[in-house]
Every structure is written in C-alpha cells, then in structure tokens.
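Working notes for the structure below.
Any read-out appearing in this document is the output of simple, stated calculations on the displayed coordinates, not a laboratory observation. Fair warning: this is a prediction, and the values are worked out from it, not measured in the lab. Heads up, the Cβs are rebuilt from the backbone with ideal geometry, glycines too, and the neighbour counts pull from every protein chain shown.
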Amino acid sequence: MLYRLLLSLFFLSGIHGSFAQLQFIENKGQWEKEVDFKSDIQNGAFFLQRAGFTVLLHNDKDMQAFADQMHGNRVIANNTAAKSTAPPINNRAITIHSHAYRVNFLGASSLVQVIPEKALPTYNNYFIGNDQSKWQGNCKIYQAVTYKDIYPNIDARYYTDRGTLKYDLVVHPGGNIDNIALAYEGADQLAVKNKELIIGTSVGEVKELYPYTYQVLDKTRQTLDCKYMVEKNVVRFKVKNYDPNATIVIDPTLVFCSFTGSTKDNWG
C-alpha cells in the first residue's frame, strides 16, 4: 500500500508553489485514503496519517538533473538565463532515486481526533489524469494539525517554525510518557549521535534534533532532561524529574538539508 501511495504521488511532490512555511493540504480523495494531509518539502513530500507520518525523499542531484532537462538545460548565473556548456541531456533518460520511511505510533488510539489549525484563505485544486474520481477541488490548506488523544491524554501536533518541520508530543496530566513508542519502517539505519536521532536512508540522512522538553510551573517554563531511547526500530523518550501534574511538551525538530517548503522552480 505504501509503495503504491508513493508512486501515485511522486510527480506531485515538487510542483506546487514556493512556500516560506511548510503547509498541510487536506486529502479529499485525490490521494490514497490512508493520507489525511500532504506537505511538499524540498525534494520530497511529507504525509500525515492517523497513527503517524511518512517521509518521501528524492535524490537531490537526480531532481536537479530532471529540472534542468525540463527547462531545456538552462542555468541561471547572476539572475540571467544562459545556455549551459554541458552536453545536452534532453534525450537522456533520467532515473530519480527515492526513499520513503514511515513512522507509526505503536498502540495509538483508533479514536484519535484530527484537528487542523490556522487555515489559509487559499485552496488547491487537483484535476490530474483521466480518472475523474480522483479529481478534487477546494482542498483546504492549514499551517498546523493536531492529533488529539493519540494516546490517553497525549496529543501529537505538527507545524513549522522558521522553515523547519516540528512535531510536539503534548503529555497532559494523566498521560504516561512511557506509552509513546515510534516504530520506524523503511529506514536503513536508526541511531543516536550527539543526542540527535539519525535516520539513514539511501538518499541521505534525516535528523531529529535533541528533543527540547519543558513544562510550565508557576507560570515559568522549566526545561527538562530528555533523550531518545532506541531499541531496534522503536524510539521512545526518557524524561527525568518532571511533575506528573503539569503538562509536558516534547519538541523534536526534523531536519533534512533545508527541510522546508518547496523552493524549486515550478514544472510539470
């Protein structure tokens, strides 16, 4: 199912406009039904699902070669279009190497509530291909999405901050941090280096930065000691010295090169 999903979305991952912030586009039937929202990232795509997310990455050099071919092998120098001195590539088949991995919240509730936030006044239309059942219009765009009670009294919230993709795990009083378990499927490697989570793929590494963690006590934000715990392909969080009666926020940041909204030229 994941393989078919990625194949069907491959050529859509880089052709929507240039965004300063990553955005979450609702799925109204234009994509596989297991997808709730899709985002364009540089050289890939990010999919939100009810019990986790999927990251699709393309090889940067392959994508650049394809873009050059689609643009007639042009190069840009000092904001002036010029013919490239490289041999023509328009007649050469280009293979784009890609890699996808999926993150599932193990034991997640089937009754999770999906709450999109910060709707934009614009929308997207998808009239692609000959199958009109896949055509959808007025697809809303949001700047954040919360999955409420993904575990009892624990929410997952996805958003962007300064061009980076972030997801908060919000543990409300009564929630158990030990319930949080993220299973990584399709990654070549999973390791902790310098307190960061490194996800190895065939087209490069993805980092999840040190999980900044805090809770607010007496109106003051207090930072907590938190670290990744990896066992085979499952990641958990170890938090020390917290007050179980106050809300805890675990705040990793995903980084893949400039892992942000699409900045490539538009082409189709």
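In this structure, the amide hydrogen of Q42, modeled 1.01 Å from its nitrogen in the peptide plane, lies closer than 5 angstrom to those of T260, counting only residues at least 5 positions away or on a different chain. Residues whose amide H falls under 5 Å from that of Q49, counting only those 5 or more places apart or on a different chain, are D36, T54, with hydrogens built in the peptide plane.
Can you give the net charge of the other residues whose Cβ lies under 10 Å from the Cβ of Q136, counting K and R as +1 and D and E as -1?
Taking every other residue near Q136 into account, the sum is +1.
A Förster radius of 22 Å, combined with the Cβ-Cβ distance separating I96 from E32, puts the computed FRET efficiency at roughly 0.65.
In summary, the lysines within cross-link reach of K219, defined as a Cα separation below 23 angstrom excluding same-chain residues under 8 places away, comprise K240.
Label zone of S110 (point 7 Å out along Cα→Cβ, amide N under 16 Å): in the range 178-216 this covers no residue at all. Here the label points at V255 and M70, each 7 Å from Cα along the C-beta direction, are separated by 2.9 nm in the simple model.
Between T164 and K232, the simple spin-label model (points 7 angstrom out along Cα→Cβ) gives 3.1 nm.
With the simple spin-label model, which puts each label point 7 Å out from Cα in the Cβ direction, the A183 to N241 separation comes to 3.5 nm. Taking Cβ atoms as reference points and 13 Å as the exclusive limit, the residues near N125 contribute a net charge of +2, counting Lys and Arg as +1 and Asp and Glu as -1. Spatially, the range 192-209 and the range 20-49 are offset by 22 Å when compared through their Cα centroids.
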